[in-house]
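Okay, structure first, notes after.
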Amino acid sequence: MKRRSFIKKATLTSITVLVGTDIVFGEMMPSGYTPLALQDPDPFKMFSKDKEMIVLNDRPWNMEAQAHLLDEKITSNKYMFIRNNGKVPENIDVKNWTITFDGESVKQSKTYTLQELKSKFKQYTYQLTIECGGNGRAEFDPPAKGNQWTVGAVACANWTGVRLKDVLQDVGIKGDAVYIGYHAADGHLSGDAKKEPISRGVPMAKALQEETLLAFQMNNEDIPLVHGYPVRLVSGGWPASTSGKWINRISVRNKVHDGEKMTGSSYKMPCEPVAPGDKVKDEDMCIIESMPVKSLITYPKSGAMIDRGKKLDIRGHAWAGELEVTKMEYSIDYGSTWHMAKIEAPSNRLAWQHFSASISFPKKGYYEVWARATDSQGMSQPMLIPGWNPKGYLNNACHRIAVKVK
Amino acid sequence: MNEQEKFRKTVKEVHRILMIVLVFVGVITSLMVYIVVDPGLSLFKSKEKSDYAVVEEVVDEDLIVDGIHVRTGLIEAEGLMEVVNNCTNCHSAKLVTQNRMNKERWEATIDWMQATQNLWDLGRNEEIIINYLVTNYPPVKVGRRATLTGIEWYELKK
């Protein structure tokens, strides 16, 4: 018998001794899986996050900001949301880190070290808005499956790196290239080394944009581990899942990339609108590209009480995927009347824009301040939750804060 | 006399060899046991600087407070342990507790995890788990836009 099973049991027994209780069904545990008690860390310390950040999930790690935490013009690490699909890679060997370019549509496969990428290509810095496709999911009815993001899965930091298009040009791509797909070093939750937690990408047109970077730095420092150290793809204005972290391979495909979470219903919307709760076949789902127009009131924090006669200064950010925000309004009467807010130009394309307004209230009482952005194609944020979809993506409904005038 | 002395010497020699063998076997056995317990030989590796700070937490694995299973945050009800044992191996219980689905959609979620995420056959436990989930985590109607709740009021100083 059964030497292996003895050893497995003996190991389990030793873990059991450490944990101090029986691990029920321990024998069915996937190999490579460490029970939570042995790896339970403080996520705020581990990822240098503010204590007011909200942990939605600890395996995999998912954490979001609250609206008032995002008040900075350029989001710092401590307020940046975390969205992981798998395990954060450990023991990263920067010196030997390489990125391989392969796929049907490269002229020949080519591998670069990080140092080669950094020295061979010019580096650029852009402030880029990255928003999770599921930001706002918590408000869909019937509820959609997945992490229940409220408003805080968006950030706009400075990213520094080389243009993906410069590297692709150096690699040499064929005329039939359709899509790029990234591959990365994060591990599958099940511990299965053959599985990728996520491998998404973008069409060539997006890959070849000037602002699409292979980034090494976030806010002028090495990218924090949980955000993709040592190298991250950044494609601003698109679902954050296209900005792959811990990149070690990029495939140039002659068809739409079919990696993990590119197929099925992941990061897809019904091609034609559906009724709430409808079942939608996979083939009737279309891949999300540019994110819709949206805004967030980041000051003051919801719940402010002010004295009658005092003006309330509000501010926040607005963004519109590939587009620009051209109009910003607010309402204190649930949309009966709208008033213009001041909106600044973006620091560069795909960066969020800052808005501000000074509000007078006609009498004492409870108010809600609603904010509404409009993009350069005339699309505005809805006040109600937009089209229901099975996975709860693209909720860009107006953000609002509660205010009391005394 | 000589015979006796010789016999005694031989016994001593045998005893010595036996002791050496015993000590040797003892060392080998402890080494092997150690390798089984710690295959990575982590004790002998210098501790590298790690981004992971391990926080000591002493929690009774089965502790229930106010109807909540403390370790996972799951509601205490029939089927709790089946859910803990089958649904929190790969992902956090937080992924369960923040979701609200009906029977059909919980079933579809389990099917998806079995088809793509290496979830095992749940056997008889599947029915118990689904019953637990639809009973304790059913969909809640919120409509097209919910009232703001949980507002923490504060004086805004200028």
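The values are calculated or read from the model by the stated rules, or taken from the named source; none is laboratory data. Values in this document were obtained by computation on a predicted structure and should not be read as measured data. For neighbour counting, all protein chains shown are included, and Cβ atoms are generated from backbone atoms with ideal geometry for every residue, glycine included. With ligands, DNA and RNA removed, areas are computed over all heavy atoms of the protein, side chains included. Shrake-Rupley method; radii C 1.70, N 1.55, O 1.52, S 1.80 Å.
Side notes on the structure shown:
- Interface residues in the range A:371-393 - accessible area drops by 20 Å² or more relative to the isolated chain, probe 1.4 Å: A:Leu384, A:Ile385
- Accessible surface of the range A:89-129, 1.4 Å probe: 45 percent of it comes from carbon and sulfur atoms.
- Taking the Cα atoms of the protein assembly as shown, the ratio Rg/Rh between the radius of gyration and the Kirkwood radius comes to 1.07.
- Interface area, B with A, accessible, probe 1.4 Å, both sides summed, Å² nearest 100: 5100 Å²
- Between helix A:3-19 and chain A: long-axis angle, C-alpha atoms, 0 to 90°, nearest 10: 40 degrees
- Short-range pairs are left out: with C-alpha atoms under 8 Å and at least six residues apart, the relative contact order of the range B:64-136 is 38 percent.
- Most mobile listed residue (A:Tyr330, A:Tyr182, A:Tyr366) in chain A, GNM with C-alpha springs under 10 Å: A:Tyr366
- With a Förster radius of 25 Å applied to the beta-carbon distance between A:Asn254 and A:Asp282, the computed FRET efficiency rounds to 0.70.
- Once the C-beta distance of B:Ala115 and A:Asp93 is scaled by a Förster radius of 51 Å, the resulting FRET efficiency is 0.90 to the nearest 0.05.
- Within the shell defined by Cβ-Cβ distances under 12 Å, the residues around A:Ser360 carry a net charge of +3, with Lys and Arg each +1 and Asp and Glu each -1.
- For the range A:210-324, the relative contact order comes to 20 percent (Cα pairs under 8 Å, sequence separation of at least 6).
- Legend note: in the protein assembly as shown, cysteines whose Cβ sits 4.7 Å or more from every other cysteine Cβ are A:Cys132, A:Cys156, A:Cys398, B:Cys87, B:Cys90.
- Most fluctuating residue given options A:Met262, A:Met379, A:Met285, as computed from a GNM of chain A linking Cα atoms under 10 Å: A:Met379
- Calculated mean residue ellipticity at 222 nm for the protein assembly as shown: -6000 deg cm²/dmol, from DSSP H runs with n ≥ 4 weighted as -39500 (n - 2.57), summed, divided by the residue count and rounded to 500.
- Accessible area of A:Arg249 in the full protein assembly, 1.4 Å probe (Å², nearest 10): 80 Å²
- Euclidean distance between Cα centres, the range A:345-406 to the range A:237-281, Å: 27 Å
- Nitroxide proxy distance, nm - points 7 Å out along Cα→Cβ at B:Val70 and A:Arg308: 5.1 nm
- Distance violations [Cα-Cα > 20 Å] among A:Lys45/A:Lys95; A:Lys120/A:Lys165; B:Lys103/B:Lys141; A:Lys145/B:Lys94; A:Lys49/A:Lys95; A:Lys311/B:Lys157: A:Lys45/A:Lys95; A:Lys49/A:Lys95
- On the beta carbon distance between A:His339 and A:Glu272, with R0 = 45 Å, the FRET formula returns roughly 0.80.
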